[in-house]
Structures are given as structure tokens and as C-alpha cells.
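Heads up, the thing below is written out as C-alpha cells.
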Amino acid sequence: MRKLLRIRNARIFLFGNVVSTLGDSSLWFAMGIWMKELTGSSAWAGLVFFCYIAGNLFSPFGGVLADRYPRRPLLVVANLLSAAIVLPIALVHGRGDIWIVYAVIFLYGVTGSVIKAAQTALVPALVPPDLLAEANGAQQTLNQGLQLVTPLIGAGLFTVVGGAVIAQIDAATFLVAVVSLLLLRMPPAPAAAASPMDGGRGDVAAAGGAPDGQGGHDGHGGHDGQGGQGGQGGVAAGFHFIWAEPVLRTIMLALGFSVLTVGFTESASFSVVTAGLHHSASFLGVLTTVQGVGAVLAGMAAAPLLRRVSEPVLLAMGLACLTLAMLALTAPDLVVVLAGMFVAGFTGPWLGVAGITAFQRRTPAAMMGRVFGVLNLVLTIPQAASIAIGAALITVVNYRVLLVVVAVVAAASGLFVIGQPGMRRRTMAGMAHPDAVASDPVAADASAAR
């Protein structure tokens, strides 16, 4: 972590990300409370999340944009749009206006899909390849830490100033992110090697530059994250690339299969507290806090682990934690459940760091947006479906059955990963796709990012 924070670009990027995430999380929590107050319905409150998920279905097209245009300018525009999008929430004064919130959240999801793809694709241009795991682990640690405090901040702010002011605060956090992006010093664009995914042209544009050496550069002479190569192949190219790369294909299939049931926990968690532990539903906050502590520790441990094991192995470790946690939550014992929630906290950060780092290391810079857009879509659809299915099943099936199903699917996914040839081997050589190495600006000039 210290080595990462010595890099100027990394410090600025993480700061902007933390501030923006704080605003996002506070807004989410406040909008849910507000919709519950205005309608008296938990279903209407839950619709906030559904609208965001619906917006995220545009993630493959967000990935295309992240490859077609220089990423830093694209992020600046997307953050400015997001800041403008949330402001109409100030027009909501009663139940008749709640459609504005849902429209805003949907558009929020659309712009968020662009930001997510472009941000993930920009990281390899900001830090050396050997610090990618540290950068992803730092983001996970900070985001998980924020989740411990944002519910209190969101609820507190909503009580004091109301939903409209929180939307304005969130808009301001997007402006902070914009300033952070403008302060980044982008490294110069190198010449690109020929890429099989770009028809073997091998021109500078294939790596995100322009033949005259000026297009796609920022005003300071740096290159904006390897975007702007035209996005040859569109959405399909991202899927084809993942499917042709054994490690990425294995990770995508394992994650996609596991999230088919993870959404069951959204409904089962309340039953764990009320039916299993015989506490009030509000006690779920205690369990969530314990999970958050585990998540923070997991984020801190992810990068050191990736120096010893491969990304697929860390992914399998995260799935093993999910398996153990779900089985522990079936016990009618507070200590066992608390231990299970702590272990559950390790799941998200380890899956996230392992998956993102694997994709960043193996994907050509010029294709990274499309690849991440496809991955996000593949995970979003089954996750949304599992939440809906879980909500329906909890009315007719005992919650312990649902948790066991989650555990079995997670275990099967982990065994699938470990059982694939070559997944346990950790070799930095060959971890990155040849194009990713050839077009990695930091590999060519790491000092430019400091």
C-alpha cells in the first residue's frame, strides 16, 4: 500500500473515487428511505435498486465508449452528466413526483456503466503492472470501509436536510471526481504492436493514439488511458476475447454461475435475524457491520495474497468463504452467525480483486472497456434475477434451504475454477495479453505516472 500511495496519480485517483463513492452510497440509502416514507411500501423502496440495475444493462455499450474515446475526457463528461442527472431530485415534493427519482436512478445507472468501464480500464495507465492488485485492493478496502459509515451518513443527512439536498451533495462529489481526473498526469502514448482483435493493422490508433501523434492526447502531452481506438468489433469483440482466453473464460463462468444464487441472501438475511436468532429486523445492522469489518480486512489482504497465488486461486478462496459463511448462517446460534458474517465479508473483496486484476492483466488496453462492459452485463443479469427469485422463494421455502443452495453453488463454482488446467499456476510472464504489455504506457515509462 505504501508503494502505491507514493505514486501521485494513484493518490489522486483514489481520493476522487472515495469522495464519489461516499456521495453515491449516501444517495442510495437516502433514496430508499425517502421512497419508503412517501409510499409506505418496501417494494417501492426496493424499486430504486431495480432501476439502477436496469441502467447497468447498458454496460456493454459503456464499454464500447470507453474504448472508442480517450478515457479521461470520457470520464470527465460522464461525471458531469451524472452531476446534472441527480439535480432534478430537488423537484420531488410528494408521492406524485416519485417517478422523477426512478428516472434519475435509471439514468444514474446508465452513466455509471460508462464510468465503471472507463475507470477500470484507466487504472492500468496510472500504476505499474506489478501494483494493479494493490490498486484494486485499495479501492476495495476504501469502498468497504465507506459502507460501514455511509448508512449512518445517508440516514443522518436525510433526517437533517432531506433528499433534495443529499442529491445536491452527491452532484458536488461528482465535481470533485472531475477535478481529480483533470489533475492526473497521463503518460505518453507508445507505438502499438499489431493486435489480432484489430485485424492485424498494428497502427498507433489500435492502441488508442492517432497517426499524427496528437489525437487522443490530453492538453499536457499525456495519453488518456489508451481509449479512442475506434472500438473495432463492438460489444461482440469483448465477449469473443473473453471466451478465447482460458483464465478469463473460467473466471467469467464461475462468477456468473455463483451470482445466480447470491441474490437469495437479500431476502434470507432478514430471516436469519428474525427466525434464526429471534431478534428484531434492525439487528441486521449489527451483522452487516461485522461483515463490513471482515470486508475491510479482506481488501487489505488481497494484494499480498496475489503475490503468492494466482487470481483464479484467490477467486476460489473467496467462493470457499462464501460457502462456509452460508452454512454458518443456517445455525441458530449468535456466535456462529457472527463468525459466518465475518467470513462472508471476505467474499466480495477477494472475488472483486481477483477478477478485476485478472482481466486487467490479460486484456489489451485498446479492448479493456468492451471486455469489462461484457463482464459487468454477465454478472448483472443473474444477480438481478437471483434477487427476484429469492424474494419469491422465501415465501414458500425455509431460508436455510436457500442458504444451503447458495453454499452448494459457490462450492461448485470454486471447484470448477480449481479443476481447470493451469488455474493454480502463477506466472507474471504471460499474465498480460501481448497487446496489453506492448501498449502499457506505464510499463514503458513508469516515472511518468509519479
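Within the stretch 171-205, count every residue that is part of a helix (DSSP H, G or I), under 28 Å from ALA78 (Cα atoms) and modelled with pLDDT under 90.
4
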Can you confirm whether VAL161 is over 18 Å from MET35 (Cα atoms) and either of a type in the set (Val, Ile, Thr) or touching a Cys at 6+ places or on another chain (Cβ under 8 Å) (or both)? no
Inside the stretch 240-252, can you point out the residues that are more than 17 Å from the chain's Cα centre (by Cα) and crowded, with 17+ Cβ neighbours inside 10 Å? PHE241, ILE242, GLU245, VAL247, THR250
Among residues of the stretch 349-406 being closer than 18 Å to LEU315 by Cα and of a type in the set (Phe, Trp, Tyr), the residue surrounded by the fewest Cβ atoms within 10 Å (Cβ to Cβ) is PHE359
Failed item in (1) under 24 Å from TRP34 (Cβ atoms); (2) in contact (Cβ under 8 Å) with a residue 60 or more places away in the chain, with ALA138 passing the rest: (1)
Within the set of pairs 6 or more residues apart or between chains, which connect a residue that is under 13 Å from GLN119 (Cβ atoms) and part of a helix (DSSP H, G or I) inside the stretch 66-77 to a residue that is modelled with pLDDT under 95 and among the aromatic types (Phe, Trp, Tyr) with Cβ atoms less than 9 Å apart? ALA66/PHE372
Residue under evaluation GLY285, criteria (1) within 30 Å of GLY318 (Cβ to Cβ); (2) surrounded by 15 or more Cβ atoms within 10 Å (Cβ to Cβ); (3) at pLDDT 55 or above, criterion not met: (2)
Are any residues in the stretch 124-149 touching a Leu at 6+ places or on another chain (Cβ under 8 Å) and among the aliphatic types (A, V, I, L, M), and if so, which ones? LEU126, VAL127, LEU131, ALA133, ALA135, ALA138, LEU142, LEU146
For ILE33, state whether it is in contact (Cβ under 8 Å) with a residue 60 or more places away in the chain, over 26 Å from ASN376 (Cβ atoms) and part of a helix (DSSP H, G or I). yes
Just wondering, is there one or more residues in the stretch 62-83 that are within 21 Å of GLY23 (Cβ to Cβ) and aromatic (Phe, Trp, Tyr)? no
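Residues are listed down the side, and each one gets a yes or a no for (1) more than 21 Å from GLY156 (Cα to Cα); (2) buried (at least 18 other Cβ atoms within 10 Å of the Cβ); (3) under 17 Å from the mean Cα position of the chain (by Cα):
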| position | (1), (2), (3) |
| --- | --- |
| ARG6 | yes, no, no |
| SER25 | no, yes, yes |
| ALA30 | no, yes, no |
| GLU37 | no, no, no |
| ALA45 | no, yes, no |
| ALA54 | yes, no, yes |
| TYR69 | yes, yes, no |
Does any residue of the stretch 255-270 turn out to be acidic (Asp, Glu), part of a loop (DSSP other than H, G, I, E, B), under 24 Å from the mean Cα position of the chain (by Cα) and modelled with pLDDT under 85? no
Going through ALA103, ALA133 one at a time, which residue ends up being assigned to a helix (DSSP H, G or I) and either over 28 Å from LYS3 (Cβ atoms) or of a type in the set (S, T, N, Q) (or both)? ALA103
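The values are calculated or read from the model by the stated rules, or taken from the named source; none is laboratory data. These numbers come from a predicted model, not from an experiment. Here the Cβ is made from the backbone with ideal geometry for all residues, glycine too, and neighbour counts use every protein chain on show.
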